[in-house]
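Every number in this text was worked out from the coordinates using simple rules, so none of it is lab data. Everything numeric in this text was worked out from a predicted model, so none of it was measured. Cβ sites come from the backbone with ideal geometry, for glycine too, and all protein chains shown count toward neighbours.
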């Protein structure tokens, strides 16, 4: 699968809300190929996560590089967010060289679909919680600079 071009700010695609992927497309070979290309692109760019809008596709798909390996989330949706938040530094492959302090929920719960169409529940804390919130923001047209606290 090819390495994809990561689009950068101010491309308007980054500001559009992404659409859900239909159940028929979730199980398609085409989507499996896109996931593979996104994973390779993310790893080559030394990213922790990559959302479909960052490669020009406004669909609800993210790929994550975790300490346990690479995984993907199709149609992720938050089910719970902790009241407690913490400040942490973030950057973004679509805004190269820019970093900012962003307050994120310490703990989140969400659901997403696997490539087989199975609905999965996930709870995350710490850095994984931050990465997931950052990437899912991309699906809603939100960039970390929108939430960054001024120095």
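Just a few scattered comments:
- Computed over the chain, the percent of Cα pairs more than 18 Å apart is 55.
- Sorting 30-43, 49-62, 3-16 by average packing, meaning the other beta carbons within 10 Å per residue, from highest down gives 49-62, 30-43, 3-16.
- Based on Cα contacts under 8 Å between residues 6+ apart, the chain shows a relative contact order of 26 percent.
- Peptides 70-77, 107-114, ordered by how many other C-beta atoms sit within 10 Å of their residues on average, highest first, read 70-77, 107-114.
- Theoretical ellipticity at 222 nm over the chain - DSSP helices of four or more residues, -39500 (n - 2.57) apiece, nearest 500: -7500 deg cm²/dmol
- For segment 82-151 versus segment 1-69, the gap between their alpha-carbon centres in whole angstrom: 15 Å
- Ranked by the mean number of other Cβ atoms within 10 Å per residue, highest first, peptides 96-104, 82-90 order as 96-104, 82-90.
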